[in-house]
1. Search segment 232-266 for residues being away from the ligand (no atom under 16 Å from the Cβ) and acidic (Asp, Glu), and hand back the single one that is farthest from residue 162 (Cα to Cα).
2. On the basis of being of a type in the set (Gly, Ala, Ser) and within 11 Å of the ligand (Cβ to nearest atom), does residue 111 make the cut?
3. Just wondering, is there one or more residues in segment 306-329 that are within 16 Å of the ligand (Cβ to nearest atom), in contact (Cβ under 8 Å) with a residue 60 or more places away in the chain and in a loop (DSSP other than H, G, I, E, B)?
4. Can you name the number of the only condition in (1) more than 26 Å from residue 246 (Cβ to Cβ); (2) within 14 Å of the ligand (Cβ to nearest atom); (3) over 18 Å from the mean Cα position of the chain (by Cα) that residue 213 fails?
5. What's the number of the only condition in (1) farther than 14 Å from residue 293 by Cβ; (2) within 16 Å of the chain's Cα centre (by Cα) that residue 43 fails to meet?
6. Exactly one condition in (1) farther than 25 Å from residue 273 by Cα; (2) out of contact with any helix residue (DSSP H, G or I) (no Cβ under 7 Å at 6 or more places or on another chain) is not met by residue 193; state its number.
7. Test residue 137 against the criterion of being among the polar types (S, T, N, Q), crowded, with 18+ Cβ neighbours inside 10 Å, modelled with pLDDT of 95 or more and part of a helix (DSSP H, G or I), and give yes or no.
8. Do you know which of the residues in segment 276-287 that are more than 12 Å from the ligand (Cβ to nearest atom) and not β-branched (Val, Ile, Thr) is nearest to residue 166 (Cα to Cα)?
Amino acid sequence: MGAYSDVISVGVIGSGGMGARHAETLSGMVSGARVGGVMDLDRPRAEKLATDCGPDVMVFEDEQALIRHDDIDAIVVTTPDETHAGLVMECLQRAKPVFCEKPLATTVEDARRIVEAEVELGRKVVQVGFMRRYDPQHLDVKNAIESGDIGQPVLFRGTHRNEGARTGTSSESILINSAVHDLDSARWMLGREIEEVYVHGTNTAAAADDEVLDLQVIQLKLGGGCLANIEVYVNAGYGYEVDLEVVGDAGTIHIAPANAPELRKQRHAGHSVEGDWLERFPAAYVLEMRRWTEDLRGGKLTGPDAWDGYISLLAVETCIDSLHSGAKEPFKSPQRPELYE
Ligand code: ISE
């Protein structure tokens, strides 16, 4: 890593929404990188994306072949959650840098194995797609906290709403696929580790399945006496929203309102709401890919790493335990290996 004489050739695994977004960003908005290959079982979709990304983009139906290819310098993984860990391990075995969409894995054991393999390798090659860390509105909140504007931060209040749950959603997958962002966000914003979790869930009339707790409230205790209260609702119906306020002992900071004009009409004032994360976080996805590319060229990854992916998954697992037990569950952060200091 860091010895790229030429433009970095990136292999993108998955050509759906997230894969297409990263590929288009890399080919059109990031200098120093290009899409070298696209892999998808849906070959026509992969071929279309490859063509959109420019000439000479290879198309693969086998992810191993893409990962192993000598002309591919780094990998972006955007396939379904349960495939992430295996693909990241393949990259680690070849010491090939890999940007993996969240979650890093779907089990704590797999995430731990990734951390162990990276520690064994002795250098970081894995980055996890916690894109909120690159969102200008989130960064404004983070900077305000760090500048001392609100004094000591004591409470993270997050809201995370999807317009509608995807098919096959379970109470547990809501935590693995959606809440994992909020757990990472709370740790990152407050700069504290989680110490206890308590989760409640309810089944709303909007849920397709009577068993699924599609609205969940997560309460966290974190180090330094900090608290977090996070709502995750995957059937909000009206659109996609990520809201955040951090309360400090000298003030509070609320994320800037949506980047949309306010319309006042017929005794009503309001603004439009995005439909999904691709609409909500366009800047974050570009900044995330730019920084990743710069870091690869500079030889030092600075983004959310395998440790962040592992700890967020450990927190997810503790949330699942709490959801099942109906009780508060303690959370003990494992010892951080030196690689992640
Ligand atoms: C989705 O997979 C994402 O990654 C989005 O960022 C998240 O907000 C959404 O809840 C997930 O389903």
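The values are calculated or read from the model by the stated rules, or taken from the named source; none is laboratory data. Everything quoted here is computed from the prediction, not taken from an experiment. In this analysis, Cβ positions are derived from the backbone assuming ideal geometry, glycine residues included, and neighbour counts consider all displayed protein chains.
1. 249
2. Answer is no for this residue.
3. Within segment 306-329, none of the residues are within 16 Å of the ligand (Cβ to nearest atom), in contact (Cβ under 8 Å) with a residue 60 or more places away in the chain and in a loop (DSSP other than H, G, I, E, B).
4. (2)
5. Only one criterion is unmet by residue 43, namely (2).
6. All conditions pass for residue 193, except number (2).
7. Here the answer is yes, as residue 137 does meet what is asked.
8. The residue in question is 282.
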